[in-house]
Amino acid sequence: MKRSSDRILTTHAGSLIRPAQLRTFLDAKRKGEAIDETAYEECLKTSVAEIVIEQEKVGLDVISDGEFGKAISWSQYMLERISGFERRPVTLEQNPFNRGADRARFREFYAELDAENASPIGMESVCIGPVAYTGQAALQRDIDNFKAALADVHVTEGFLPVAAPSSVIPDRKNEYYKTDEDLLQAIAQAMATEYRQIVDQGLLVQLDDARAAVTYDRTVPPRSMADFLGWLEHQVDTINTSLDGIPEDRVRYHVCWGSWPGPHTSDVPLKDIVDIVLRVKAGAYVIEGANPRHEQEWKVWQSVKLPPGRMIIPGVVSHATNVVEHPELVADRIIRYANVVGRENVIAGTDCGFAQTPLLRRVHPSVMWAKLEALTEGARLASQELWDKAAA
């Protein structure tokens, strides 16, 4: 994994807004309609090539395929890559996503938000048979499309974002395994195949793990903080088992507090989980740092020491607001981190992905690109401060 050796490198959390032509195919697939598979595959390949070129144009250094190959969502995509699950319709009230301390405190707000954005009928995912990885061909397609696109641009590195075991098919139900722990270990074993396939073909792998932090909002209370921390420690142990044999410097670990546009007043503080997060055997930690509930948490790194050889990729641009950050603000955020952990240990990034599903975006596409422009310009200004002025 490349470091910021002579300037601040830039990246993002992975998911980018899909182009209209690709969304047409994905919407039809979601509705169960027949599509021209050959035309879809060609559209997907072309869309990946174009998004890679656009990332190069905007000046990003470490880029992704936009997660364009995922037809469901950043975590539910695994329903198409592992065996053993079926989906069942549930009403909005039954949807397991619709719970947590934030929702309890701001019921009226969430009622309005759900009325605007949520379908009255959702889906739950239930394990009804043995879990095994079946997504080798689909993953290889994504790898091939991405590597072909990378061959035509000049960037520093490429990464593919995939789900961490605890975030695979979140809120899943178990009707097959004796215990939920048995199901978790089966999923972890399946995910190890995906992680290894990505790294073996020369790409960085990023494990996305929103559930690491979000579970606090969903379970405390009635569970205690000690219960939550014990759960999180076990999830990290499971992650490390699934990464066994993969060099740490080929792994990025992404922790966020959920991308939904809510108050987030019950988010667990970073200071309470950072020691556990740093146990993940990864070369870099992608952590929110731009949104107004967590921007102040750069101070955590004043007292927490990064393990040797590790880096942080703080979010210095938010995915969740249409307000475009000023490059000077972006530079200020980068410099704060660099002054605490060392400039070579910082890569500038975004808080989260700009599109959590193929059809759900947090900002307008034009705003997304403006934010990424602000990111790269802010990194340039920060580099001047951290290198050029330091050498003068």
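The values are calculated or read from the model by the stated rules, or taken from the named source; none is laboratory data. Keep in mind it's a predicted model, so treat the numbers as computed, not measured. Cβ sites come from the backbone with ideal geometry, for glycine too, and all protein chains shown count toward neighbours. The protein model used for the area step is the full one, side chains on, heavy atoms only, and it has no ligands, DNA or RNA in it. Shrake-Rupley method; radii C 1.70, N 1.55, O 1.52, S 1.80 Å.
Of all the residues in segment 26-43, those that are among the hydrophobic types (A, V, I, L, M, F, W, C), more than 24 Å from residue 147 (Cα to Cα) and in a helix (DSSP H, G or I) number 1. The residue that is nearest to residue 348 (Cα to Cα), counting only those in segment 218-258 that are open to solvent by less than 10 Å² (accessible area, probe 1.4 Å) and among the aromatic types (Phe, Trp, Tyr), is 253. Anything in segment 172-203 that is part of a helix (DSSP H, G or I) and either on the phi > 0 side of the Ramachandran plot or β-branched (Val, Ile, Thr) (or both)? List them, or say none. The answer is 187, 193, 198, 199.
In summary, residue 266 fulfils each of the numbered conditions (1) crowded, with 19+ Cβ neighbours inside 10 Å; (2) under 28 Å from residue 63 (Cα atoms) with the single exception of condition (2). Exactly one residue out of 252, 218 is of a type in the set (Lys, Arg), in contact (Cβ under 8 Å) with a residue 40 or more places away in the chain and not in a helix (DSSP H, G or I), and it is 252. Residue check: is residue 303 open to solvent by 20 Å² or more (accessible area, probe 1.4 Å) and among the hydroxyl-bearing types (Ser, Thr, Tyr)? In short, yes.
Within segment 21-45, the set of residues being more than 21 Å from the chain's Cα centre (by Cα) and open to solvent by less than 60 Å² (accessible area, probe 1.4 Å) comprises 25, 27, 28, 35, 39, 40, 43.
Among the residues making up segment 44-73, those that are touching a strand residue (DSSP E or B) at 6+ places or on another chain (Cβ under 9 Å), under 20 Å from residue 375 (Cβ atoms) and assigned to a loop (DSSP other than H, G, I, E, B) are 59, 60, 61, 64, 65, 67. In segment 344-363, which residues are among the β-branched types (Val, Ile, Thr) and either open to solvent by 10 Å² or more (accessible area, probe 1.4 Å) or closer than 15 Å to residue 320 by Cβ (or both)? Hits for segment 344-363 are 350, 357, 363. Within segment 204-215, the set of residues being within 17 Å of residue 240 (Cβ to Cβ) and assigned to a loop (DSSP other than H, G, I, E, B) comprises just one member, 209.
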